[in-house]
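Before any comments, here is the structure.
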Amino acid sequence: MIWQVIEIHLRRLRHNRMEWLLAFVVPIAFFSIFALIFTRGVGSTPRVKVVLVNDCQPIESTGDDLTHTVLDLVPEKAERIMEHLRQAEGLRVMPETDEGAETMVRRGSATIAIVLTRHEDDVAARLLNDASDEVASQVVTALVTRAFMQADFPGTASEDGGTSEAASDDTASENQNAFGRFVSTLSTGEVSRTEDDAIAGANSVPFAAAGDFGRIRMPKIDVVNVLGQSKSNPVISVYAAGIAVMFLLFGATNGGGMLLEERENQTLERLLSSQMTMDHLLLGKWFYLTLLGCVQVTIMFVWAQFAFGLDLVGHLDGFLMMTVVTAAAASSFGLFLATLCQTRGQLNGLSVVLVLTMSALGGSMVPRYVMSETLREAGLWTFNAWALDGYDKVFWRDLPPSDLGPQLGVLMATAFGLLVLSRILAIRWEYS
Amino acid sequence: MISSLSDAIDVRDLRKTYGRGASQQVALDGVAFQLRRGERLAYLGPNGAGKTTMIRCLSGRTRPSSGEITLMGQPIDHADTRSALGLVPQEIALYEDLTTRENLAAFGRLHGLRRRQLRQQVQWALDWTGLADRANELVGTFSGGMKRRVNLACGVMHEPSVLLLDEPTVGVDPQSRQRIFSMLHELNERGTSILLTTHHLDEAESQCDRIVIVDAGRVVAAGSFDELLDQTIGIDRTVHVYLRQRLRGHDNDALARLSSSVQVRPGEDVIQARMSEIAMELPRLMDAVLEAGYEVRDVDVQSPSLHHVFLHLTGHGLRD
């Protein structure tokens, strides 16, 4: 008897393609997506978008002070650092625009601005950081440190593993020894904060080492969070938006499924034989799902405000705009899938696959900044990514609604396009 | 403006095909019939005969390939016709997570009822279905018969002139069937013309004024039950006389001479006869049987039924 039960279920499984898909294909697909995200198996290693600013201008000299002009090596060193940073593989250097480096970081055009400044008789770096990317500041700090080293010691290993032709053998040997002592010191943890670090502020990350290792001095690098310093819970808006959008999609596809239920039990026949038309029906469902989605997301963010300190009230205008267009796009997506499928079973399987895939690629599950360039670009085909970018602009970057143009545009176009496609697909149910 | 003189439904040379070329399937092949005002018409046929396609064409849900349908004298796609038509699908086409009252109100609104008129109609429907005491319960919790009654009520909330019912009693017990037909009778008394499809031939025979039988997309017979009998198997009754002994060969001729329609087969224990005047012919047969020395075990008299007419017209072969 037990075997009979097993046999019946095996035979049912053989005839149910969607169950095959969910049992065997979807887990492998998701394993692959997350493996690609965390091993960066597709495309290039993620590069941090930076903007470079060199504030180390030569000191204006007068004819009486020729000695000072001759000894001012800071601009030259700064230029060497800039050059090394431009060549660093982990960085994507964005051209600085008129709005300025800090504004570029605030708007999300760059993740970090590297500003080289004069500090006493040397070069220092200030990293104007967007704290939402928890990895970028550490990567950039390391790369800036290396650029400083390379600028100080032309004989040390360069980016391509070779040595500078300009360095003499003696200089190179001295540099290597000093560098060795420095690395040894770092490894024993004898790095201390400099006095200047103390004034860097609670939201900056001082990074400096004191000590003289021959010609080596630890570079002075200050990391200043220009975004997120006033947030009581910096990442909560990202998670609230990510989870809200994912469940918005599930809710919308489930709501769209009502259309298939109505078709299967002939309620659709009855509805369409009344004064109702297919246009009325689809638009009615679309408005309902959009309204429900708005309420769903609003409840999520209200809870985030009360429980986790998210500043919803202070961003109400941008939040409402993003929520309405995101809910509208999700509703259209739900209706599109419903009209695409023949049965509720098909819809359930397809929606699970699509929603989870879009959520994984679009940043609802894993922040997109940890993904490779290729996966990040692929994520732009999901509207999770556009919705999350919009919420990020509203809650993280504190940008006004006028800056939401691209996100609102893409989501509205998606909402309209999918609704039109739904209408076209529903023609087959209207008359036959 | 809906004409007051025309038939409720007039179908002329209706044709509906699906697919093209060699794979083309003909669902309706020149169907023509009329539903008169105030009439109850049964539209019968074996599976695949085109009944559902016909209902869909009448409700405007399928566009015929050719032919014409008028409802109260107006083309079926005319704006006025939708409110004149009520549809009760074969499935329970209700929202099971709404209450009876909410379902009735929802479908009433879809047909243009508002406020006082809507409230009146909902109350009428609750009384009509006998579900006034269950008005605020979810339809999903109801029995099959109760759901059928609500299903029917939702189709007539707007008091349509013509009601289309696609197998309204499928899957319900005899008591519920009786209740549903008494509801339909009441509706018909109020002037609603009714067209129904069903596989319960006894329902069609007893509850409908006229019958249309279709097969392979064509009308094979139409008329009242008596007219169908005249057109097909006639009104003769079939009599079976069961004997306690098997028939012998030598006296068969004497029995057979009673009537040309008496079948007597030696070796069998039954005599079969067709009789048009049973009051005179049956006593004569019984006398002959007793005189021949047989003892009668049982007598069975069968009146011709729609079942016989249906099988006579559509054959015994399976259609699925």
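Bear in mind that the values in this text are calculations on the coordinates, not laboratory data. Everything quoted here is computed from the prediction, not taken from an experiment. Glycine also receives a Cβ, built like all others from the backbone with ideal geometry; neighbour counts cover every protein chain displayed.
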Legend entry - From phi via Karplus (6.51, -1.76, 1.60), per-residue ³J(HN,Hα) for the range A:144-152 in Hz, x at Gly/Pro: 5, 4, 5, 4, 4, 4, 5, 6, 6
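Within 10 Å of each candidate Cβ there may be at most 15 other Cβ atoms; applying that plus a DSSP loop requirement, which chymotrypsin sites (Phe, Trp or Tyr not before Pro) in the range B:122-187 survive? Intermediate values should be presented prior to the final figure.
Working: sites: B:TRP124, B:TRP128, B:PHE142, B:PHE181; in loops: B:PHE142.
In loop regions of the range B:122-187 (DSSP not H, G, I, E or B), there are no sparsely surrounded chymotrypsin sites (Phe, Trp or Tyr not before Pro).
Using a 10 Å cut-off on Cβ to Cβ distances, tally the other chain neighbours for every residue of B:86-94 and report the average as a whole number. Working shown, then result.
Details: counts 3, 7, 2, 7, 3, 6, 3, 8, 4.
Per residue, the average neighbour count from other chains is 5.
If neighbour count is taken as other Cβ atoms inside 10 Å, put A:PHE301, B:PHE107 in order from fewest to most.
Details: A:PHE301 22, B:PHE107 29.
Neighbour counts put them in this order, fewest first: A:PHE301, B:PHE107.
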Inset, instruction - DSSP loop (so not H, G, I, E, B), at most 14 other Cβ within 10 Å: list which GluC sites (Glu not before Pro) in the range B:268-320 pass both filters. - result: B:GLU268, B:GLU277, B:GLU295
Legend entry - Between the range B:35-60 and the range A:396-432, the alpha-carbon center distance in angstrom: 42 Å
Legend entry - Cβ-based exposure ranking for A:LEU52, B:LEU28, B:LEU85, B:LEU282, in which fewest neighbours within 10 Å come first: B:LEU282, A:LEU52, B:LEU85, B:LEU28
Legend entry - Net charge over other residues, Cβ less than 12 angstrom from the Cβ of A:ASN265 (K, R count +1; D, E count -1): -2
Inset, instruction - Give me B:ASP133, B:ASP236, A:ASP222 ranked fewest to most by other Cβ atoms within 10 Å of their Cβ, as a rough exposure proxy. - result: B:ASP133, B:ASP236, A:ASP222
Inset, instruction - Give the range of the longest stretch in chain B that excludes all trypsin sites (Lys or Arg not before Pro) found in loop regions by DSSP and having at most 14 other beta-carbon atoms within 10 Å. - result: B:21-113
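Within 10 Å of each Cβ in peptide B:56-66, how many partner chain Cβ atoms are there on average? Round it to a whole number, please.
Values: counts 4, 0, 1, 4, 3, 9, 2, 3, 0, 0, 0.
The shielding value for this peptide is 2.
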Inset, instruction - With +1 on each Lys and Arg Cβ and -1 on each Asp and Glu Cβ, and nothing else charged, work out how big the dipole of the range A:254-346 is about its Cα centre, in Debye to the nearest 20. - result: 140 debye
Legend entry - Sequence-distant residues sharing a close amide H with A:THR111 (under 5 Å, placed H): A:LYS49, A:VAL50
Inset, instruction - For B:VAL214, list long-range residues whose amide hydrogen, built 1.01 Å from N in the peptide plane, is under 5 Å from its own amide hydrogen. - result: B:LEU44, B:GLY45, B:VAL220
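Shape of the range B:163-202 from its Cα gyration tensor (a ≥ b ≥ c, root eigenvalues): rounded if a/c is under 1.5, otherwise prolate when a/b > b/c, or oblate?
Working: a/c = 2.46, a/b = 1.38, b/c = 1.79.
Oblate, because a/c is 1.5 or more while a/b does not exceed b/c.
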Legend entry - For chain B, calculated [θ]222 nm from helices alone, where every DSSP H run of n ≥ 4 adds -39500 (n - 2.57): -10000 deg cm²/dmol
